[in-house]
Amino acid sequence: MSKKSDQLEQEQLANRWNVTNNPAIGVTCVASSPAPNAVNGRMLMDVLLWTVNNGKGAAAATFTGSIRDASIGGTVLNQFDVVVAAGGSNQDAFYPWTPGINGNALVFEFGTPQASTIQKATIAGWQESAR
């Protein structure tokens, strides 16, 4: 292996982070990585676990899951839609391998939920150093 690939493998194993957000019913789910510890450091998301429960809903609910740069209003880096039947739930695990923009955190959010839904998410990844 090259020295660069050895360094990346070491950082992927040593610089891990994970964040879970479990808000109350009707509250937007927002999970944010820590900020890089260097100005040119880059956060990478390689795991996204999510669940949406529309257990008390009278109608189907549609959500757009977004991985964003820096904040809930930041640039969309990756996105997907979820439709949950009335009275149902949906969950999945993705391995998005999404790199952030240097110097910024990564944020996952589901958008504004209906009052009858519960959204939950866990994101995980690692920090690539600026070398």
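The values are calculated or read from the model by the stated rules, or taken from the named source; none is laboratory data. If you're wondering where the values come from, they're calculated on a predicted model, not measured in any experiment. Ideal geometry is used to build each Cβ from the backbone, glycine not excepted, and the neighbour counts take in all protein chains shown. Accessible surface areas use protein heavy atoms only, side chains included; no ligands, DNA or RNA. Shrake-Rupley method; radii C 1.70, N 1.55, O 1.52, S 1.80 Å.
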Only one of Thr62, Thr122, Thr117, Thr75 that is of a type in the set (Ser, Thr, Tyr) and in contact with a Leu (Cβ under 6 Å, 6 or more places away or on another chain): Thr122
Unique match (being of a type in the set (Val, Ile, Thr), at negative phi and at pLDDT 90 or above) among Ile72, Ile123: Ile123
Scope the stretch 48-63; condition among the aliphatic types (A, V, I, L, M) and either surrounded by 15 or more Cβ atoms within 10 Å (Cβ to Cβ) or modelled with pLDDT of 95 or more (or both); matching residues: Leu48, Leu49, Val52, Ala61
Residue match in the stretch 9-32 (condition: crowded, with 19+ Cβ neighbours inside 10 Å, at pLDDT 95 or above and of a type in the set (Gly, Ala, Ser)): yes
Selection from the stretch 75-88 of residues that are assigned to a strand (DSSP E or B), open to solvent by less than 70 Å² (accessible area, probe 1.4 Å) and in contact (Cβ under 8 Å) with a residue 12 or more places away in the chain: Leu77, Asn78, Phe80, Val82, Val84
